[in-house]
Every structure is written in C-alpha cells, then in structure tokens.
1. Which whole-Hz ³J(HN,Hα) couplings does segment 34-44 yield from phi under the Karplus relation 6.51 cos²θ - 1.76 cosθ + 1.60, θ = phi - 60°, glycine and proline marked x?
2. Measure nothing fancy, just the Cα-based angle from helix 51-67's long axis to the longest principal axis of the chain, in degrees from 0 to 90, nearest 10.
3. Go through the chain and name the trypsin sites (Lys or Arg not before Pro) that are in a DSSP coil and have 10 or fewer other Cβ atoms within 10 Å of their Cβ.
4. Note the full-extension length gain between LYS11 and ARG56 as 0.36 nm times their separation in residues minus their Cα-Cα distance, in nm to one decimal.
5. Any idea what the relative contact order of the chain is, in percent, if you count C-alpha pairs under 8 Å spaced at least 6 apart?
6. What are the ³J(HN,Hα) values, in whole Hz, obtained from phi via the Karplus relation 6.51 cos²θ - 1.76 cosθ + 1.60 with θ = phi - 60°, for each residue of segment 10-17 in sequence order, with x given for Gly and Pro?
7. Rounded to the nearest 0.05, what FRET efficiency is calculated for ASN63 and VAL4 with R0 set to 35 Å and r the Cβ-Cβ distance?
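Just so it is clear, none of the values below were taken in a lab; they were calculated from the coordinates. Since we're looking at a predicted model, the values are computed, not measured. Cβ sites come from the backbone with ideal geometry, for glycine too, and all protein chains shown count toward neighbours.
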Amino acid sequence: MPAVGTFVVDKRGERLAQVVAAEARTLRLREPAGGGTEWAAEPPFLRPATESERLRAKVAEANRASRWGNGA
C-alpha cells in the first residue's frame with residue numbers, strides 16, 4: 001500500500017494525486033497542487049506516479065506557493 005505523501009495516479013481517470021491518509025484498505029487522495037476535494041480509492045485502482053508526473057506536481061506546487069508569497 002502506498003505511504004502517506006506518495007504520489008500516485010488513479011487509473012479510473014488518470015488523475016495525479018498525493019496520498020493524504022490510509023484507512024483500512026482505502027487511501028484518501030488529493031490533487032497535489034491546490035488541494036481540492038479529497039476522494040477515496042483502493043490500491044488496485046492506483047499506480048505509482050512516474051518521475052515526470054511527480055516533477056510536474058512539485059513544480060505546480062512551487063508555482064502556487066510563489067504566487068501566494070509563501071516561497072518555494
């Protein structure tokens with residue numbers, strides 16, 4: 001099961017997400033840049049994010065933080 005903080009892709013919609021909590025056999029996910037509404041998924045519906053996908057998420061978060069004056 002992916003650890004909290006891990007980037008994954010929900011295969012049901014190819015949505016990049018970060019694991020924010022683990023509950024029994026499901027994981028709580030949130031889009032990495034900007035958050036949004038959390039959703040639940042079971043591990044069989046997830047795949048690890050590629051290096052490119054993880055980098056894209058980190059750049060988007062850094063850009064969001066710099067726009068709000070929080071630094072990168």
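1. Once rounded to whole Hz, the list reads x, x, x, 6, 6, 9, 10, 8, 8, x, x.
2. That helix lies at roughly 40 degrees to the long axis.
3. Of the trypsin sites (Lys or Arg not before Pro), the ones in loops of the chain whose Cβ has at most 10 other Cβ atoms within 10 Å are ARG12, ARG25.
4. 14.4 nm
5. Relative CO of the chain lands at 25 percent.
6. 7, 5, 5, x, 6, 8, 6, 8
7. 0.90
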